[in-house]
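Q: Let me give you the structure first, and then I'll get to my questions.
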Amino acid sequence: MTFIAAFNPNLLLFVLIGIIVTLVGTLLKYFKQPFVIAYILSGVLLGKHGFQIIVDEKIIEGLGEFGLILILFFIGMEISLPDFLKKWKIAVFGTIAQIMASVLLVGMIGFFLNWQFNRIIILGFVISLSSSAVIIKLLQDSQENKTEIGENIISILLMQDILIVPMIITTSYLGGNMPSSAEIILQIIGGILLMAIMLWILTKKEFSIPFSKSFEKDHELQVFFAGIVCFGFAVFTAFFGLSAALGAFVAGMVVHAARSTEWFHDSLNSFRVIFVALFFISIGMLIDIKFVLTNWKIISLILLAVYISNHFINAVVLYGFSRNWRKSLYGGALLAQIGELGFVIISTAYFSKIITDFEYQLTIVTIALTLLVSPFWITLTKKFLNIRNAMNSK
């Protein structure tokens with residue numbers, strides 16, 4: 001009786017999460033599918049629309065945010081800032097062109113459907129955002145993150161993360177909720193400070209992180225210190241109204257420049273696996289199976305339209321910089337899904353009463369399903385390009 005009284009139900013919850021992820025992951029591994037799909041499907045099974053094992057979704061969503069921060073921190077540790085800045089043209093001009101093309105495409109559709117201007121802008125923003133979390137992980141798993149196309153894709157994804165701030169401000173403005181001048185000033189200050197840090201990394205050819213030598217042989221202190229660096233930068237940027245994940249990315253670049261990548265990686269890698277899994281589980285929990293079955297026709301049409309339009313837009317943008325259709329088409333597939341930051345935009349629009357409840361649910365399900373379908377779409381594109389390449393070589 002004492003054991004039952006002292007039993008914490010959260011312990012059983014995490015055991016069940018581990019069991020379902022392991023079973024689904026093992027099954028999908030047999031079919032050579034990435035773990036991202038296993039995590040999302042596990043979220044569908046665990047959430048309120050599945051077996052209702054997880055009732056309090058806020059816990060998983062909160063822990064999942066750590067996963068996004070850790071993903072960007074780890075990718076930052078693999079990026080040399082001087083090399084990254086060499087691709088500033090595709091990052092800036094490519095991303096802006098892609099966002100403008102997405103808004104224009106939605107505008108053309110909205111013109112025939114008599115959509116309001118506010119809705120066109122919001123939906124254009126949403127479909128223009130690709131998933132840093134999914135694509136960076138897939139690039140790392142396939143060891144393509146250091147290839148030319150991988151670096152181009154990552155530069156665009158990171159620029160999208162930066163541009164999410166003005167997108168949110170615009171969304172709030174369209175809903176009649178203008179940010180205060182103090183908030184805007186704070187964001188500008190934060191942006192300037194981030195640029196100052198990156199400029200310092202560029203000019204300082206060699207430096208060491210304070211006290212790092214004291215931790216080199218103490219694994220326990222390494223874990224805490226690495227956590228302070230990663231999440232400290234995330235808190236710093238969040239305080240200024242910028243993306244916490246962006247701060248973690250800058251922290252990763254600082255670690256790379258200080259040549260301390262190896263022990264930082266070893267210290268936080270286990271946490272990264274757990275929290276990244278929770279992040280994708282939280283996305284899977286948003287998929288309402290009943291809603292999907294009831295509205296499967298319109299959802300299928302939207303999914304197809306999103307993938308074809310996003311694939312085409314991003315492939316054309318990438319071709320403008322690389323002049324290689326094969327790589328550009330593959331890059332278009334990588335960026336074809338709607339990213340996790342789309343949830344932020346559409347939630348802001350919903351609470352600003354720009355869109356209806358049905359439109360909100362439809363968009364949430366569509367975003368989650370594009371993330372689920374993304375690895376399959378990329379695999380199909382790879383196979384198609386390989387077939388075409390083989391035919392052309394004969």
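Q: Cβ contacts < 7 Å: first residue within 8 Å of Phe240 (Cα to Cα), restricted to the stretch 181-196; second residue in a helix (DSSP H, G or I) and not polar (S, T, N, Q), any location; separation 6+ or different chain. Result?
A: Pairs that qualify, where the first residue is within 8 Å of Phe240 (Cα to Cα) and the partner is in a helix (DSSP H, G or I) and not polar (S, T, N, Q), are Gln187/Val165.
Q: Same structure, new question: Every residue in the stretch 305-350 that is touching a residue at least 24 places away in the same chain (Cβ under 8 Å), within 27 Å of Leu286 (Cβ to Cβ) and hydroxyl-bearing (Ser, Thr, Tyr), please.
A: Those that are touching a residue at least 24 places away in the same chain (Cβ under 8 Å), within 27 Å of Leu286 (Cβ to Cβ) and hydroxyl-bearing (Ser, Thr, Tyr): Tyr307, Ser309, Thr348.
Q: Name the single residue that is modelled with the highest pLDDT among those in the stretch 212-245 being closer than 28 Å to Asp83 by Cβ and part of a loop (DSSP other than H, G, I, E, B). Let's see the steps before the verdict.
A: Here is the first cut: in the stretch 212-245, the ones closer than 28 Å to Asp83 by Cβ are 212-213, 215-216, 222, 225-238, 240, 242-245.
Among the residues that remain, those that are also part of a loop (DSSP other than H, G, I, E, B) are: 216, 240, 242-243.
Values: Glu216: 67, Phe240: 87, Leu242: 80, Ser243: 76.
Result: Phe240.
Q: If I filter the stretch 46-56 for residues that are among the aromatic types (Phe, Trp, Tyr) and without any contact (Cβ under 8 Å) to a residue 40 or more places away in the chain, do I get at least one hit?
A: Quick first cut of the stretch 46-56, residues among the aromatic types (Phe, Trp, Tyr) only: 51.
Subset that is without any contact (Cβ under 8 Å) to a residue 40 or more places away in the chain: 51.
Taking every residue of the stretch 46-56 in turn, at least one turns out to be among the aromatic types (Phe, Trp, Tyr) and without any contact (Cβ under 8 Å) to a residue 40 or more places away in the chain.
The values are calculated or read from the model by the stated rules, or taken from the named source; none is laboratory data. In this text the structure is predicted, and so the values were computed from the model without any measurement. Cβ sites come from the backbone with ideal geometry, for glycine too, and all protein chains shown count toward neighbours.
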